[in-house]
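Any read-out appearing in this document is the output of simple, stated calculations on the displayed coordinates, not a laboratory observation. These numbers were taken from a predicted model, which means no experiment stands behind them. Cβ sites come from the backbone with ideal geometry, for glycine too, and all protein chains shown count toward neighbours.
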Amino acid sequence: MDRPANDLPQSAAVADFNRDQKPDLVLVNAPADFGQGNISVLLGNGDGTFRNPVQYAAGVGTTSLTVADLDGDGNPDVVVANSDTAHVTTGALNVFIGKGDGTFRTATTYDFGRGAASVAVADLNGDGKVDLAVSTFDRTTIPGPTTVSVFSETVTARSAHRMHS
């Protein structure tokens with residue numbers, strides 16, 4: 001089944017965003033002109049089909065996403081890695097906190113000064129909280145990542161703590 005999503009889908013993840021026990025999709029989209037990207041959320045019908053996408057604005061140069069319960073409320077949240085691809089002078093994570101009904105709060109942006117190529121989640125330091133690992137690059141290392149930045153502690157709409165990079 002083909003389903004229109006947006007300009008250039010870059011990455012996809014599956015989670016139950018509205019607690020109906022049916023898998024939903026989220027896609028990160030990068031516009032062809034390297035402008036502001038977005039995510040598309042497609043709620044599942046449970047039969048392999050999906051409702052029309054709902055889009056939320058993300059940063060410039062969106063590249064990848066991951067899903068995890070970042071704030072411990074039991075609802076899946078979405079983290080998007082992005083970079084200013086035209087200049088690769090900045091990078092950021094956009095964090096979309098899920099409301100549990102298939103919708104999300106407006107993204108909170110955490111700038112960290114390098115381009116972000118990919119993002120992953122796990123409890124990397126064994127404290128029982130989700131950490132984020134982001135492969136990063138700068139203008140001199142295009143096309144590939146050169147470092148991994150790790151953000152520890154639970155990322156919420158209010159806080160993010162960098163562990164090391």
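Subtracting the Cα-Cα distance from 0.36 nm times the residue separation, let me have the gained length for Q36 to T147 in nm, one decimal. Let's see the in-between values first.
Values: separation 111, 0.36 × 111 = 39.96 nm, distance 2.42 nm.
Going from the current span to full extension adds 37.5 nm.
Would you mind calculating the gained length between D101 and V14 on full extension (0.36 nm times residue separation, minus the Cα-Cα distance), in nm to one decimal? List each step's numbers first, then the result.
Numbers: separation 87, 0.36 × 87 = 31.32 nm, distance 1.51 nm.
That works out to 29.8 nm of additional length.
Quick one: if you stick a label point 7 Å off each Cα along the C-beta vector at T49 and L124, how many nm between them?
About 4.2 nm, to one decimal.
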